[in-house]
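Read the figures in this text as sums done on the coordinates, not as results from a lab. Please read all numbers here as calculations on a predicted model, not as lab measurements. Heads up, the Cβs are rebuilt from the backbone with ideal geometry, glycines too, and the neighbour counts pull from every protein chain shown.
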Amino acid sequence: MSDSAASRPQHAELDLLRAFEPVIRFTRGEFFYPVSARLYVARAALWSDDPDREPRRAFAATELDLGALTAHSGVTLGLDHSLSGVDVGAEHHEHLRIPIKERPPPLAGVSRLASVGVTARMIDALNRLSLLFRGSVPGGSAARSFLLQRDHLEPERPIYYARVLRDGPWTICQYWYFYSFNNWRSGFGGVNEHEGDWEQVTIYLDGDGGPDDEGLPHPRWVVFSAHDETGDDLRRRWDDPDLVIAQGRHPVVFAGAGSHSGAYAPGDYLITVQPPTLPGVVRLLRNTARVFTPWSTTAKGGGVAIPYVDYARGDGRKIGVGEAEQWTPVVLDYTQDWVRAYRGLWGHDTRDRLGGERGPAGPRYERDGTVRQSWADPVGWSGLAKVAPNRVMEHAMIAARAEQARERAAEVRTEIEAARTNLGMAAAGLAPGSPEVRMLAGEEERVLELSMEATRLEDELVQMNQSLASQAPVPGPHAHLKHRLTPMEPVTGVRGRLLSWWSVLSTPLLLCALAAVVSPVFGTSATLISIYSVVILMSIEGLLRQQFLAVALRFIAAAALIALLYFAWLEWQAVIAVPLLLAAVVVLVVNVREALRR
């Protein structure tokens, strides 16, 4: 059964999906493109991944199709299973190589390590070392997947899977893209790689705002798959200047090389990655980065920029409206049982403790088998539950809320009057300090709470009435964003080349110098030389990043702190006594001044 024949959608839904289908522009050098999930399953083995024992092959490659996958998933819906097109039961294909003539052209001007400071480069080194004991993708998997894509997955026929759903005033078009492999780490120096990759684009249409000249609802917001963003930061408004729209209705996605995440504007993006098992450490580093800016470059909007760059340049293959290649759509409806019935992974399960090297679950599920929020509640997922799709509806919502506030405020004022009357009657004739009066404190607290509620409601009512009367201007397209991710400004010329080579060499040199500083094996003279080396290395870092003065000030602060700690270690009694004496002097001065005022 072909992908197009597998789904017989209503023409209205298919027409709506085609009317707004995204355009994807890839980076020159990309290896993997959206392909058919059906063809992938037909060439994948199905593995049972019991955590208490070695994986067991349930179906060999070429023995499976979407129907068999659905049938075999059983009551667990395949939660303990994974698909793999790299056939992990055989040798790990370390010897496989992509033929030279078929390799994509290399990225130009790559300077990943030069984009970040020393702290970030240290974290990068630790992450690379962690692959020795974490689960990671077997060697040669990217080459094996590339050959699988070339020979069996028809990459020349790009496919997306899409659905239409309606939630209140919103009509939502959601597009899913399946890639047989994510080679971000091995191909482009990213944080991870894994077999299989599902990415999405979600477009929010105004279902209650009336049709446009062609009978279509008006698009209001769009969300691309992203590494860092959550909530309001996920979405961009249709009139956002960062957003590229082809032919008025088709958002352009700039796909990250290897990672396939979506960017709104072309360029190289510095990605903040928080290891799931070290959130406290990363938060500390992020806070430190605000002070020690020369030592760890931060991405725009904040956060420690662990040195992973998404190259979303849009200068490679282009698919969609107005381009040489077009999409083949497959509508996800009730006939697509595999979407609902299989909760397992779409790719080799490495059992990576950090999760980054494991295959993903399908479009409907997370890896733990729970339904994705973006699937179950795309409106809440993107923070749009609180947003009206148009000004008319917003005005109606404000008016309705104002009426509710007015009615509730009147009710509360009536309750206050009744409560005060009852409280006065209960306290009548009782002495002010008697136990009976003190027992009425709860009633007094209730009157106070009601008064505070009434005041809040009346203030809210005034604000809403002012909004209805003044017709406040529409906020800017970035007003809802806490973190607006934008491309990096590349460092070019001689300084850029020097910074690139320095970033490659300085980290191992600095690690060696630090090892000599803390180790007693090398002796005092070697330790002093190592300290001088650290100072020199960091000074060169500051010069190349044009922050030498800031580095010097940090060194002075660090030296003062070390001296203070050393003094505290030797003379801890004095360290305690001095603050107490200073506190005594301050208290004496304050007390004397207060006494003189009398």
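Computed about the Cα centre, the dipole magnitude for region 350-470 is approximately 740 debye when only Lys and Arg (+1) and Asp and Glu (-1) carry charge, each at its Cβ. Rounded to 0.05, the FRET efficiency of the Arg56 and Ala376 pair, given R0 = 30 Å and the Cβ-Cβ distance, is 0.45. For region 193-258, the Cα-based Rg and Dmax, in that order, read 14.0, 45 Å. Can you bin region 177-229 into rounded, prolate or oblate? Criterion: square roots of the alpha carbon gyration tensor eigenvalues sorted a ≥ b ≥ c, rounded for a/c under 1.5, prolate for a/b above b/c, oblate for the rest. Prolate, because a/c is 1.5 or more and a/b exceeds b/c. Annotation for Ala427 and Leu582: the two label points, set 7 Å from Cα along the Cα-Cβ direction, are 4.9 nm apart. A full extension of the chain between Ala396 and Glu458 corresponds to an added length of 20.4 nm, given 0.36 nm per residue minus the alpha carbon distance.
Overall shape: oblate for region 396-495, with the ratio a/c of the largest to smallest alpha carbon gyration tensor axis at 1.5 or above and b/c at least equal to a/b. Note: region 131-265, Cα convex hull, 144 Å³ per residue.
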